[in-house]
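Shown next, in structure tokens, is the structure this report addresses.
The values are calculated or read from the model by the stated rules, or taken from the named source; none is laboratory data. Because the structure is a prediction, the values reported are computed rather than measured. Note: ideal-geometry Cβ built from the backbone for every residue, glycine included; neighbour counts use all protein chains shown.
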């Protein structure tokens with residue numbers, strides 16, 4: 001257990017002081033400057049304050065959805081990007097089929113997250129119409145004739161992820 005904590009501490013310190021991303025490095029330097037504390041302490045205080053705000057203002061559900069759905073969703077879509085570029089056949093169904101279903105479930109996850117955050121589920125007439133439209137969209141996304149999930153991925157999701165990754169990594173975007 002002690003060696004695990006030591007490894008985690010080493011990774012934490014490496015993240016704080018050997019940061020390659022210029023934006024993260026600048027933010028850490030600014031946090032250190034503003035707080036007057038060493039980075040490791042300033043970050044821990046910031047995290048504690050964030051946890052307090054989340055708890056006090058009942059943002060736990062939003063945080064849970066962000067870390068439990070949105071983050072894995074982004075990584076799943078990045079995996080689809082990588083798999084589609086590699087052209088590797090990963091079984092009898094092939095790459096396209098696997099990518100289609102991963103993208104479908106990611107889009108479904110986006111819907112579910114937005115619905116939970118907005119507290120949807122009432123029986124109002126508008127929401128009944130919403131559920132019908134959503135059902136039609138989901139069928140279009142997964143139906144073999146339309147392959148809507150792959151089309152949506154190629155036309156909208158892939159460019160958005162590429163731009164987001166470029167911004168996060170500090171590279172210039174067009």
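Table for the structure above
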| item | result |
| --- | --- |
| Residue count, the stretch 43-65 (criterion: part of a helix (DSSP H, G or I) and free of Cβ contacts under 8 Å to residues at least 12 places away in the same chain) | 15 |
| Failed item, numbered, when residue 20 is tested on (1) surrounded by 10 or more Cβ atoms within 10 Å (Cβ to Cβ); (2) under 24 Å from the mean Cα position of the chain (by Cα) | (1) |
| Residues located in the stretch 137-174, provided they are outside any helix (DSSP H, G or I) and either closer than 15 Å to residue 78 by Cα or touching a residue at least 24 places away in the same chain (Cβ under 8 Å) (or both) | 147, 170 |
| The one condition in (1) loosely packed, with under 14 Cβ neighbours inside 10 Å; (2) over 14 Å from the mean Cα position of the chain (by Cα) that residue 39 fails to fulfil | (1) |
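Residues are listed down the side, and each one gets a yes or a no for (1) assigned by the TED database to the domain that holds residue 112; (2) more than 30 Å from residue 119 (Cα to Cα); (3) under 21 Å from the mean Cα position of the chain (by Cα):
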| site | (1), (2), (3) |
| --- | --- |
| 12 | no, yes, no |
| 25 | no, yes, no |
| 32 | no, yes, no |
| 55 | yes, no, no |
| 68 | yes, no, yes |
